[in-house]
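K.L.:
Sharing a structure with you now.
Derivation of every value follows stated rules applied to the coordinates shown; laboratory data play no part. Keep in mind that this is a model prediction, so the values were computed, not measured. Note that we place each Cβ from the backbone using ideal geometry, even for glycine, and neighbour counts take in every protein chain shown.
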Amino acid sequence: MPTGLLGKKVGMTRIYDENGKAIPVTVVVAGPCVVVQRKTAERDGYEAVQLGFEPVAHARLNQPMLGHYLSRNVEPHRHLREFGVGGDEAPAAGSTVTVAIFEEGQMVEVTGTSKGRGFAGAVKRYGFRGGPASHGSKVHRAPQSAGATDAQRVFRGKRSPGHMGAERCTTKGLQVVKVDPERNVLLIRGSVPGPRGGLLEIKAQAQAEQGSDE
């Protein structure tokens with residue numbers, strides 16, 4: 001089966017265990033996803049499946065993407081991502097993958113696009129300490145020096161004010177607290193990247209680490 005699934009962030013809430021302890025969880029509507037294409041080692045050099053998420057009207061896609069779906073007798077979807085395959089068997093094109101591939105207590109990693117913060121200064125963007133706060137100081141939150149002066153340029157990577165957030169990021173070590181196949185809902189302990197309604201990629205932790213090591 002695929003090692004991951006696409007979903008959307010609903011928001012955060014809390015649930016209580018049998019001892020009455022509050023557990024902060026993120027509610028994610030994951031799937032159902034349709035297998036659009038099967039990648040094989042013989043033909044493509046690796047094992048994976050393309051999963052489509054959230055059906056979309058034909059008019060919303062350009063001709064190449066529309067042909068990619070219709071040539072495989074699969075209805076178009078708004079989002080398309082590849083996931084690795086765990087085990088010997090993989091679902092064929094046109095089959096459906098649900099949250100049932102996950103188990104309660106399983107460790108996962110979640111990838112999404114972080115919230116955009118707009119233009120931010122160095123103190124907010126990088127956590128700089130800032131200058132003295134007294135009235136005698138004229139520099140409070142400015143980044144000060146731009147680096148070496150003999151080079152007559154600013155070196156690449158200098159931490160300066162600029163656009164903050166709206167970047168692809170991954171949170172690892174998250175635990176699946178509850179799986180609800182009937183409502184296609186995952187409850188994941190802790191916070192995940194992105195705003196409400198943001199697209200998420202949920203992958204099994206162990207499988208994801210094995211793929212990165214290879």
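K.L.:
Could you sort out which of 39/203; 138/158; 9/115; 21/115 sit more than 21 Å apart by Cα distance in this structure?
P.N.:
138/158; 21/115
K.L.:
Ignoring everything except DSSP H segments at least 4 long, calculate the 222 nm mean residue ellipticity for the chain; use -39,500 (n - 2.57) per segment, divide by total residues, nearest 500.
P.N.:
Calculated from helices alone, the mean residue ellipticity at 222 nm is -3000 deg cm²/dmol.
K.L.:
Another one. Given 174, 95, 128, which one lies farthest toward the positive end of the charge dipole of region 77-211, if we put +1 on the Cβ of every Lys and Arg and -1 on the Cβ of every Asp and Glu?
P.N.:
The one lying farthest along the dipole's positive direction is 128.
K.L.:
Just check region 27-66 against the gyration tensor rule for me: Cα atoms, a ≥ b ≥ c as the square roots of the eigenvalues, rounded for a/c under 1.5, and otherwise prolate or oblate depending on whether a/b exceeds b/c. Provide the component values of the computation, followed by the final result.
P.N.:
On the way: a/c = 3.91, a/b = 1.30, b/c = 3.02.
It comes out oblate by the Cα gyration axes.
K.L.:
Let me ask something additional. Below 8 Å, C-alpha to C-alpha, sequence gap of six or more: please give me the relative contact order for the chain in percent.
P.N.:
For the chain, the relative contact order is 30 percent.
K.L.:
For the pair residue 93 and residue 46, what calculated FRET efficiency results from E = 1/(1 + (r/R0)^6), where r is the Cβ-Cβ distance and R0 = 25 Å, to the nearest 0.05?
P.N.:
With a Förster radius of 25 Å, E is 0.90.
K.L.:
Where does the chain land on Rg(C-alpha)/(2.2 N^0.38 Å)?
P.N.:
1.32
K.L.:
Here's a follow-up. Packing-wise, with mean Cβ within 10 Å as the measure, how do 174-183, 117-126, 140-149 rank, highest first?
P.N.:
On the way: 174-183: 15.4, 117-126: 13.8, 140-149: 11.3.
Descending packing order for the listed peptides: 174-183, 117-126, 140-149.
K.L.:
Now, a different point. Just rank 172, 8, 138, fewest to most, by other beta-carbon atoms within 10 angstrom.
P.N.:
Numbers: 172 13, 8 18, 138 8.
Arranged by neighbour count, lowest to highest, 172, 8, 138 become 138, 172, 8.
K.L.:
Let a ≥ b ≥ c be the square roots of the eigenvalues of the Cα gyration tensor of region 1-82; is it rounded (a/c under 1.5), or, if not, prolate (a/b larger than b/c) or oblate? Mind showing how you got there, number by number?
P.N.:
Numbers: a/c = 4.31, a/b = 1.89, b/c = 2.28.
Here region 1-82 falls in the oblate category.
K.L.:
Which of 160, 114 has the fewest other C-beta atoms within 10 Å, and how do the rest follow up to the most?
P.N.:
160, 114
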